[in-house]
Amino acid sequence: MVAIEVERLRKHFDPPKGPVAVADVSFQIEEGEIFSLLGPNGAGKTTTISILSCLLRPDSGEARVGGFSVTKESEKVKALIGVVPQDIALYDDMTGRENLLFWGRMYGMSGPTLSKRVDEVLELIGLGDRQKDRLGKYSGGMKRRVNIGAALLHNPRFLYLDEPTVGIDPQSRRSILDKVKDLNAAGVTILYTTHYMEEAQEISHRIGIMDKGALIALGAQDELVRLVGERTRIDLTLDKDADILVGRWRDLPGVSSISHPEDGRLFLSTDDANTLMPRLFESARAAGARITEISLAEPNLEMVFLHLTGRALRD
Ligand SMILES: Nc1ncnc2c1ncn2[C@@H]1O[C@H](COP(=O)(O)OP(=O)(O)OP(=O)(O)O)[C@@H](O)[C@H]1O
Ligand SMILES: [Mg+2]
C-alpha cells in the first residue's frame, strides 16, 4: 500500500535567480518502509521534507501522505506525521521532560494522557534518568534523542527524520539508527535523509539519490549498485596523502572512477581488478607511497553517486 506519494514536486526559491531546490521530484513510499533520501549539501532534501510536512508550499506538483493532500488537507497530514527537523528545536533552559510536555501541548495533548505519554517517550529514548536536568546540560546526542522523542509524542504513523545523526558521537548515532529500525519494526513508515552513504545503506529498504534538486536514482541498494555495471570496487589505504596518485590513477586503463572520501583511503571502480592491482602497487611505489590495505568489494552508493554525477558524495 502506498503511504506517501510525491508527484512532480517543484520549488524554486527567489526566482528567477534563486536555486531550484526541488526540480520535478517524484517518488512513492510504501507503508512500512524505511525510505532514505541520500544527497550532498543543498541537494534539496530538507526542502522536500518541508513540503511533505506542510511547512512549505510547492510551486507545482502534489504530494499525498496517507491519502491526504499536503497542500489542501494539511491538518489531516499533520496529525499523521512526526517530524524531526534538521535543526534542534528545543529550549536549553527547560528540562528534558518540560521540553517534551511543551511539544505535546503543541500537538493538542494535555493532562494525564500527555504526562503518561511523556513517560513512555522518555523510556523509549533512554533518557528517563536525565528527565529533570536542564536541556542545556545534555550532550548533542541526547538533545537529538529528545528531538526525536518530541516527534513521537502523538504516535505518528509516519516519521520524517532530517539528518538526525549529524555532529554527534558514534554511540549516539548507533542508538538513533537502532531506534529508527525499532520504530519501523513496530509499524512506523520512515522517511530519512542523510548524506552518509553508510547510514542509507544500513537502514533503508529503498533509497532515492538526490543531487541539485533532482532525484537522480531510486531503488533498493542492490538495484542502485547495478547502475555502476559489472564493476568491482577496490578499497585501498595509503601510508601518506594520496592526492598526486588520485590524479595519476584516474587515467589508468581500466579505472572507471575514483573517489577520495577520507584521509589516505581511496575507492576505485574497475572492470578488470586483476590487471589493475599490480599497476596500483607499482605506481604507488614510484611515487614513494605504500599501499597498507587493499580489498575488493561490490560497488557502494558512493560509487553510484560518482558514476551518476562525476562528483564525490562527500564534500
Ligand atoms: N528558505 C530558502 N530560501 C532560499 N533558498 C533556500 C531556502 N531553503 C533552501 N534553499 C536553497 O535550496 C537548495 C536546497 O536546500 P535544502 O536545504 O533543501 O538542501 P539539503 O539537501 O537539505 O542540504 P543539507 O544537506 O545541507 O541540509 C539550496 O541551494 C539552498 O541554498
Ligand atoms: Mg537539509
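Quick note: the coordinates plus some simple rules give every number you see, no bench work behind them. None of the values given here were measured: they were computed from a predicted structure. As a convention, Cβ positions derive from the backbone with ideal geometry for all residues, glycine included, and neighbour counts pool all protein chains shown.
Some notes on this structure:
- For segment 50-154, radius of gyration divided by Kirkwood radius, i.e. Rg to Rh on alpha-carbons: 1.03
- Between residue 213 and 44, the built amide H atoms are under 5 Å apart, and every one of these is 5 or more places off in sequence or on another chain.
- For segment 56-155, GluC sites (Glu not before Pro) meeting the loop criterion (DSSP other than H, G, I, E, B) and having at most 16 other Cβ atoms within 10 Å: 73.
- In sequence order, segment 56-73 has phi-based couplings of 9, 8, x, 5, 7, x, 8, 9, 10, 10, x, x, 9, 6, 6, 8, 10, 10 Hz under the Karplus curve 6.51 cos²θ - 1.76 cosθ + 1.60, θ = phi - 60°, and Gly or Pro positions carry x.
- For the chain, a Gaussian network of Cα nodes joined below 10 Å ranks 136, 111, 167 by mean-square fluctuation, and the top entry is 111.
- Within straight-line cross-link reach of residue 132, lysines at Cα separation under 23 Å, skipping those fewer than 8 residues along the same chain: 116, 143, 179
- Residue by residue, segment 125-142 carries 3J(HN,Hα) couplings of 8, x, 10, x, 6, 10, 4, 8, 7, 4, 4, x, 8, 7, 6, x, x, 5 Hz when phi is fed to the Karplus relation 6.51 cos²θ - 1.76 cosθ + 1.60 (θ = phi - 60°); x denotes Gly or Pro.
- Within segment 233-315, the trypsin sites (Lys or Arg not before Pro) that combine a DSSP coil assignment with at most 14 other C-beta atoms in a 10 angstrom radius are 290, 311.
- Hydrodynamic radius of segment 230-298 per Kirkwood, over alpha carbon pairs, in Å: 11.7
- Here's how it looks for residue 73: its modeled amide H is under 5 Å from none belonging to a residue 5 or more places away or on a different chain.
- For segment 2-224, a Kirkwood hydrodynamic radius built from all Cα pairs, placed in the Stokes-Einstein relation at 25 °C and 0.890 mPa s, yields a translational diffusion coefficient of 138 µm²/s.
- The lysines within cross-link reach of residue 11, meaning a Cα-to-Cα straight distance under 19 Å and a gap of 8 or more places when in the same chain, are 45, 72, 212.
- Computed magnitude of the charge dipole of the chain (debye, nearest 20; Cβ of K, R +1, Cβ of D, E -1): 740
- Within the chain, helix-based [θ] at 222 nm, where runs of 4 or more DSSP H residues each add -39,500 (n - 2.57), nearest 500: -10500 deg cm²/dmol
- Kirkwood-based shape ratio for segment 1-101, expressed as Rg/Rh from alpha carbons: 1.02
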